[in-house]
1. Can you tell me which condition Leu289 does not meet? The list is (1) within 15 Å of ligand 2 (Cβ to nearest atom); (2) surrounded by 24 or more Cβ atoms within 10 Å (Cβ to Cβ); (3) closer than 24 Å to Val372 by Cα, and all the others hold.
2. Restricting the search to segment 120-162, which residues are closer than 26 Å to Asp96 by Cβ and either out of contact with any Asp or Glu (no Cβ under 7 Å at 6 or more places or on another chain) or aliphatic (A, V, I, L, M) (or both)?
3. Six or more apart or on different chains, Cβ atoms under 8 Å: show the pairs whose first residue is in segment 39-51 and within 17 Å of Phe275 (Cα to Cα) and whose second is more than 9 Å from ligand 2 (Cβ to nearest atom) and among the charged types (D, E, K, R).
4. Would you confirm whether any residue within segment 36-43 is open to solvent by 30 Å² or more (accessible area, probe 1.4 Å), in contact with an Asp or Glu (Cβ under 9 Å, 6 or more places away or on another chain), within 16 Å of ligand 1 (Cβ to nearest atom) and among the β-branched types (Val, Ile, Thr)?
5. Taking interchain pairs and intrachain pairs at least six residues apart, which have beta carbon atoms under 6 angstrom, with the first residue in segment 424-449 and within 14 Å of Leu403 (Cβ to Cβ) and the second at pLDDT 95 or above and buried (at least 20 other Cβ atoms within 10 Å of the Cβ)?
6. Looking at (1) over 41 Å from the mean Cα position of the chain (by Cα); (2) surrounded by 14 or more Cβ atoms within 10 Å (Cβ to Cβ); (3) farther than 28 Å from Glu230 by Cα, which one does Glu107 not meet, given that it meets all the others?
7. Kindly indicate whether any position in segment 385-401 is under 22 Å from Asn571 (Cα atoms), touching a Gly at 6+ places or on another chain (Cβ under 7 Å) and surrounded by 13 or more Cβ atoms within 10 Å (Cβ to Cβ).
8. Please count how many residues of segment 268-284 are open to solvent by 10 Å² or more (accessible area, probe 1.4 Å) and more than 13 Å from ligand 2 (Cβ to nearest atom).
Amino acid sequence: MMYEGCKKYIPFQPVSLPDRTWPDQILNKAPVWCSVDLRDGNQALVDPMNLEEKLLYFKTLVEIGFKEIEIGFPSSSETEYEICRTLIEKNLIPDDVTIQVLVQAREHLIRKTFEAIKGAKNVIVHFYNSTSTLQRKVVFKTDMQGVINIAVEGAKLVRRLTEEEIKRSGANIRYEYSPESFSGTEMDNAVKICEEVLDTLGATPEKKVILNLPNTVEMCTPNTHADQIEYFIRHLKGRDRAIISLHPHNDRGTGVAATELALMAGAERVEGTLFGNGERTGNVDIMNLAMNLYSQGVDPHLDFSNIRHIRDVYEKCTNMRVHDRHPYAGNLVFTAFSGSHQDAIKKGIDYMHTHESSYWEVPYLPIDPADVGREYEPIIRINSQSGKGGAAFVMQQSFGFDLPKAMHPEFGAAIKEACDAAGRELIPSEIFHIFRKEYLDLQAPYHLKSYKLYEERMSDDESDSDEETPSAVHFEGNIRFHHEDHPVSAIGNGPIDAFFKALEQVGIKNYRFVTYREHAIDAGADSKAVSYIQLQDPKGRDIFGVGVHPNISMASIKGIICAVNRAVLRNQKEAEE
Ligand code: KIV
Ligand code: ZN
């Protein structure tokens, strides 16, 4: 059945720009960023921020590196006015930061705004009126000339009050004009009104005016918006007397894409918020845009290296939550659940180490989580689908145990069983706990209570060759089983051989040594060795044991007894089933 409801919507009419050039552009530098968190973001909150929250948020924006911050709409309410005054009077605005104040192009509001900014060193006075076809028709019931008159009258007053204030205080005041709902305005009308405003404000290449072109309600695809921006820039007389600014909203969920393409189309400045807070579906997310640039090797000039802290401040002040899947900031965005993804991540990290690559070459992780202050530890959480490499990856990344590949299926099976039993995925500490229980803490049925290893060097006379002198190794120890201690003592041509012979004395026979692997764990003075031992049990089945000890030979011996214990337990378990 056809869903007829869609017929009530009028398809967006794109501007005609067949010779568009923006698709060939590459973003290779950061735009000027302007945060509108404290205005557009704040006005869209169920509980707008109080003074204390706004001050904390402002401080955080400064720490991130914003140099232009729209602090509010001081003529709209006493609270907004007070916030502006507090920032100025308490000297909370760094000299290299410009505050921006929004005002409608209406006389009494403009006058009040100029009162609010007295004493500020650097200010952008941002005035606006709505220009869209729809608003002219249904809200203002006026033609384009009526809308132009409002903008021009506003511009005249803004200019006069600015010149007076500069004369009085020497403040650095700049202008910004927004044809609100720019993207819903006929492009030629948008160009016309902006040209009139530039003329009225006396804009020159030396005294540029910011022309902010809001995508107030996102109504078209990102490429169509980029066409609008390129069209506007091409047709604007005296383009070099303007800074072209974007103010994208996110109604279609394509705010970030629309901004990126519009920057390719020639815009130089972006207004947006952290994490995309703002009216309805929000303003464009500046963190997302900045980190996208960063991931392409472009310095965004904003610092998100401590994204958790920024997110905490944001959530505290706005009472909004950052979604678990939010790019760069969400709880789950550096987590791989799929086994094949985990395997590829591990291979990418290994590759980077072995090739000493100075580039980030890890599949499935578009950026290094550490660059936004996220740890490696939560990158991978293991569920029963994680595959055998996943658990081994966690052991290596989080705990420094580099399990031999042949051991991955065995350990992966133990983890899968634990996941199934828990009915959820496991975090790294739980994975280590299983490893510990399964291998390191296993002391039954055979418990190696005491042990001594020493070498006996043969004298040169005893040796019948000129080769390096062979040595005999003694193992002496005490193995407890069946509630009794059993002293053992044996000599072999190496520690492992000696220990196998000692085991035979207590009836542990017919185990075949297959292979072993060892490496150091923990750096520095406390360095220990870990040995992974692969044996074949008397039934010819493979089994692994792990031993950790400061002495490498003892680590192997502990690994052997661990493997034997695991083989015996496996047999017992199977017999019971
Ligand atoms: O979205 C918008 O059009 C605005 C203007 C007031 C700049 O927020
Ligand atoms: Zn807006």
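1. (1)
2. Ala120, Asn122, Val123, Ile124, Val125, Phe127, Val158, Arg159, Leu161, Thr162 - these are the residues of segment 120-162 that are closer than 26 Å to Asp96 by Cβ and either out of contact with any Asp or Glu (no Cβ under 7 Å at 6 or more places or on another chain) or aliphatic (A, V, I, L, M) (or both).
3. Arg39/Glu70; Asp40/Glu70; Asn42/Lys54; Ala44/Arg280
4. Taking every residue of segment 36-43 in turn, none turns out to be open to solvent by 30 Å² or more (accessible area, probe 1.4 Å), in contact with an Asp or Glu (Cβ under 9 Å, 6 or more places away or on another chain), within 16 Å of ligand 1 (Cβ to nearest atom) and among the β-branched types (Val, Ile, Thr).
5. Listed by first residue and then by second, the contacts come to Tyr439/Val546; Tyr439/Cys562.
6. Result: Glu107 fails condition (2) only.
7. no
8. 2
The values are calculated or read from the model by the stated rules, or taken from the named source; none is laboratory data. Everything numeric here is computed off the predicted structure, so don't read it as measured data. Ideal geometry is used to build each Cβ from the backbone, glycine not excepted, and the neighbour counts take in all protein chains shown. These accessible areas exclude ligands, DNA and RNA; they are computed on the full protein's heavy atoms, side chains included. Shrake-Rupley method; radii C 1.70, N 1.55, O 1.52, S 1.80 Å.
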